[in-house]
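Any read-out appearing in this document is the output of simple, stated calculations on the displayed coordinates, not a laboratory observation. Here the structure is a predicted model, which is why all the values come from computation and not from measurement. Every residue, glycine among them, receives a Cβ derived from its backbone with ideal geometry; neighbour counts consider all protein chains shown.
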Amino acid sequence: MRQIAMLFLLLALSGCGHPSGVMTPVSLTASTPKTARIDMLVATTRQPSGDPATLFNGERNPKPSMTHVAVSIPPKREAGTVQWPKKLPANPATDFAVTHVRQIQTVGEAKAWFRQRVDGGHALVFVHGFNNTYEDSVFRLAQIVHDSGMQATPILFTWPSRAQLFAYEYDKESTNYSRTALEQALRVLVEDPDVKDITVLAHSMGTWLAVESLRQMGIRDGRVDRKIKEVILASPDIDIQVFAKQYAEMGSPKPKFTIFVSQDDRALAASSLITGRVARLGGIDPTAEPYRSRLEEAGITAIDLTKVKTGDRLNHGKFAESPQIVQLIGQRLMTGQPLTDSKVSLGQGVAAVVGGTVQTIGTVATAPLKIGEKPASRQTGEDVSDALKSDPRANALTQ
């Protein structure tokens, strides 16, 4: 109980420090320094708040909504950070600021929006994690897109999180509530001829929602659509054994999966305690057996960020707060480039083990990653499931 109390205290502290109600658009003036603008399409199963300062709250709405949101990013800031305004209205010269909001009424209107902003036919769908408001997720995606330099059209799927520390179970059920809506959003993108490929990037509890929606698509169609080429799971808050079953039930062929893990992730440690001391996928050591072999057999790349240091006290948002990692996502994974090259030695296991501090990751990510070769005959998802089901370490990792 003492451990749980300390972890909840850390979570509570991590959520403090910025005002709410930042969604009312502000105007850029002639005296405003040159800022970057990120346009995104936001789809949500949240309930409208009736307040233009927040737009949507944490309650559930059976009818999904779509909104075009533009965010201005100030010229002077550290990569990996979100510059929340200290007071309202936001100052675009120093703060992240919403500059445009427009409700999208129909799917046809959403497709027209995408055609006007299509970037090489690449679409990025971001799914946020636990304890996030609507505006939290909007600003986080804007930061990721800007800092990564990715050439893709950003689409945010934000589900009904109450953004309350003790609402973990409500948030988890909200992801289940939103599974079909996310699947339908992905299908709209798949059916759009202007979309060439789709990358799904999900964080924390949002990884459960993303994987469940892909599983549903796989069960309906026999496989996940080929346009969905990359799935990136950052700090996945998923029971390891459950993930093995989800992965197996997606059908074949599957998208290319990359997971970012960290054994010092305090938020996932709290989740493990809450959910019966079962290890979470995002907290495994991918160099240890049986994970190393089974991930390799499944063709899943695991990147271990345990030694990467950021300002995140929970070590839960390293994928976005490390400039080098977010640039890796934008410059390599988002453009379909492999994480290794011909100089990488083979047979070293599937885990890409990042050494040293964040300053060394740029070099490591572009060449000498320790990543195993794909076997000539890949095993099925059922093999992964069987191995993980019988693995005693699944419950022992957090003890």
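Some values worked out for this structure:
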| read-out | value |
| --- | --- |
| Total formal charge among the other residues, if their Cβ is under 12 angstrom from that of Q116, Lys/Arg +1 and Asp/Glu -1 | -1 |
| Neighbour cut-off at most 14 other Cβ (10 Å), DSSP loop, GluC sites (Glu not before Pro), segment 19-115 | E78 |
| Out-of-range pairs (alpha-carbon distance over 19 Å; input K34/K76; K111/K196; K87/K309; K172/K227; K196/K254; K229/K309) | K87/K309; K172/K227; K229/K309 |
| Sparse-neighbourhood loop sites, trypsin sites (Lys or Arg not before Pro) in segment 24-133 - DSSP loop, at most 10 other Cβ within 10 angstrom | K34, K76, K87 |
| Segment 130-221: chymotrypsin sites (Phe, Trp or Tyr not before Pro) falling in loop per DSSP and having at most 13 other Cβ within 10 Å | F166 |
| Gain on full stretching of the segment that runs from L28 to K63 - 0.36 nm per residue minus C-alpha separation | 9.3 nm |
| Pairwise FRET efficiency - Q105 versus S20, Cβ, R0 = 25 Å, nearest 0.05 | 0.40 |
| Fewest-first sequence of H100, H203, H128 by Cβ atoms within 10 Å of each Cβ | H100, H128, H203 |
| Taking E183, E297 and counting other C-beta atoms within 10 Å, the order from fewest to most | E183, E297 |
